[in-house]
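Have a look at this one.
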């Protein structure tokens, strides 16, 4: 893609430094940079300026995600919105993209390795420290969620997709930790800690419980014939408000990516509409924006926050009553050819800003099916 102006934006940053006469020790704010570009190069989006501040800052934690090179060593980040010029003589060595010759294992394997390293007993903080030391930038929330998922006696583990069905805790991928205190786990030993399972109780709800043997029925009898045993009661999405359903959707998508072997990173860029970043085995980096909807309807994303580029994904989570959420991944470039499902609205002459939309209806479900996560994830 050719630059909008006669220079790439990263080189325009050096023009900005010269124009503002920044010298060693001078501080520039992110907003000052945005204002300078708005005045001198108005076609450059503020989100692009924000992203370049990160790429050009030698110590920005998420800089390695943006393939920085020594030619990009311009700033030193003071905090989330202030920078000064990089001083090669006094500042720490710049951060660049980490070597990817050694593939990172999935997070549950990292957690298992950490606990084994500490002799079968560890605090959550120790597990995170071990993983950061051994594997670098792994999101803390991803590690914490994976510890919870893999802890056989953690009541809330049923909230994650891999624990959505009744089963005995004997899966070596997800059933290897036992909680002995707040933020304190040991290696799970059935002979010592008893046999644990995820079971349907007499109200049709999943619960974590200790059982007498691995052969015990995992579905209890209903209280009456008029009350069928089903997990549907758990998925009564009408109980959640708009904020709660949005948070659930975001964490649900993050954990699905984790299960498929992706690393999940929070993003420092807060004005692009991006919820998080994912990457697998040193491959391409994808920005992810999560949208959610209960039942059929319409969801949209402002065009100003959703550039049609291959490494931007819309993660659509549909909440139908009584069912586990459905997850679909749509590349932004799919909107280049709108259809009945993926629509483009410009609202010419109106106050509403232009938007990309998704029309979710019974009629459009066949068009949506091609974007189901298990059908597209292998192509990322």
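The values are calculated or read from the model by the stated rules, or taken from the named source; none is laboratory data. This one's a predicted model, so the numbers in the text were calculated from it and none came from an experiment. Cβ placement follows ideal geometry from the backbone for every residue including glycine, while neighbour counts extend to all protein chains displayed.
With respect to residue 90, determine if the residue is closer than 22 Å to residue 12 by Cβ, modelled with pLDDT of 80 or more, surrounded by fewer than 13 Cβ atoms within 10 Å (Cβ to Cβ) and not assigned by TED's automatic domain parsing to the domain that holds residue 279. Steps first, please.
Working: closer than 22 Å to residue 12 by Cβ: no; modelled with pLDDT of 80 or more: yes; surrounded by fewer than 13 Cβ atoms within 10 Å (Cβ to Cβ): yes; not assigned by TED's automatic domain parsing to the domain that holds residue 279: yes.
In short, no.
While we're on this one: Tell me which strands (runs of 3 or more DSSP E) are completely within region 244-344 and hold 3 or more residues being at pLDDT 90 or above and touching a strand residue (DSSP E or B) at 6+ places or on another chain (Cβ under 8 Å), or say none if there are none.
Working: elements: 263-265, 276-279, 286-294, 297-302, 312-319, 326-331.
Fully inside region 244-344 and qualifying: 276-279, 286-294, 297-302, 312-319, 326-331.
Go through region 69-80 and give me each residue that's within 27 Å of the chain's Cα centre (by Cα) and surrounded by 16 or more Cβ atoms within 10 Å (Cβ to Cβ).
Across region 69-80, the qualifying residues are 72, 76, 77.
Mind listing whichever residues of region 26-68 are at pLDDT 90 or above, within 11 Å of residue 13 (Cβ to Cβ) and more than 24 Å from the chain's Cα centre (by Cα)?
28, 33, 36, 37, 41
Turning to a different aspect of this structure: Just give me the residues in region 77-87 being modelled with pLDDT of 90 or more and in a loop (DSSP other than H, G, I, E, B), in sequence order.
86, 87
Checking residue 209 against (1) at pLDDT below 90; (2) assigned to a loop (DSSP other than H, G, I, E, B), which single condition isn't satisfied?
Condition not satisfied by residue 209: (2).
Check whether at least one residue in region 339-349 is closer than 28 Å to residue 240 by Cβ and loosely packed, with under 12 Cβ neighbours inside 10 Å, and report yes or no.
No, the conditions are met nowhere in region 339-349.
Here is a follow-up. Taking region 107-123 only, how many residues are surrounded by fewer than 18 Cβ atoms within 10 Å (Cβ to Cβ) and either modelled with pLDDT of 90 or more or within 21 Å of residue 163 (Cα to Cα) (or both)? Give the derivation first.
Of the residues in region 107-123, the ones surrounded by fewer than 18 Cβ atoms within 10 Å (Cβ to Cβ) are 109, 113, 116-121, 123.
Next, from what is left, pick out any that are either modelled with pLDDT of 90 or more or within 21 Å of residue 163 (Cα to Cα) (or both): 109, 123.
Of the residues in that region, 2 qualify.
Here is a further query. Give, as residue ranges, the helices (runs of 4 or more DSSP H) completely inside region 102-197 that count at least 1 residues that are touching a helix residue (DSSP H, G or I) at 6+ places or on another chain (Cβ under 6 Å).
Per the criteria, 107-117, 124-135, 140-149.
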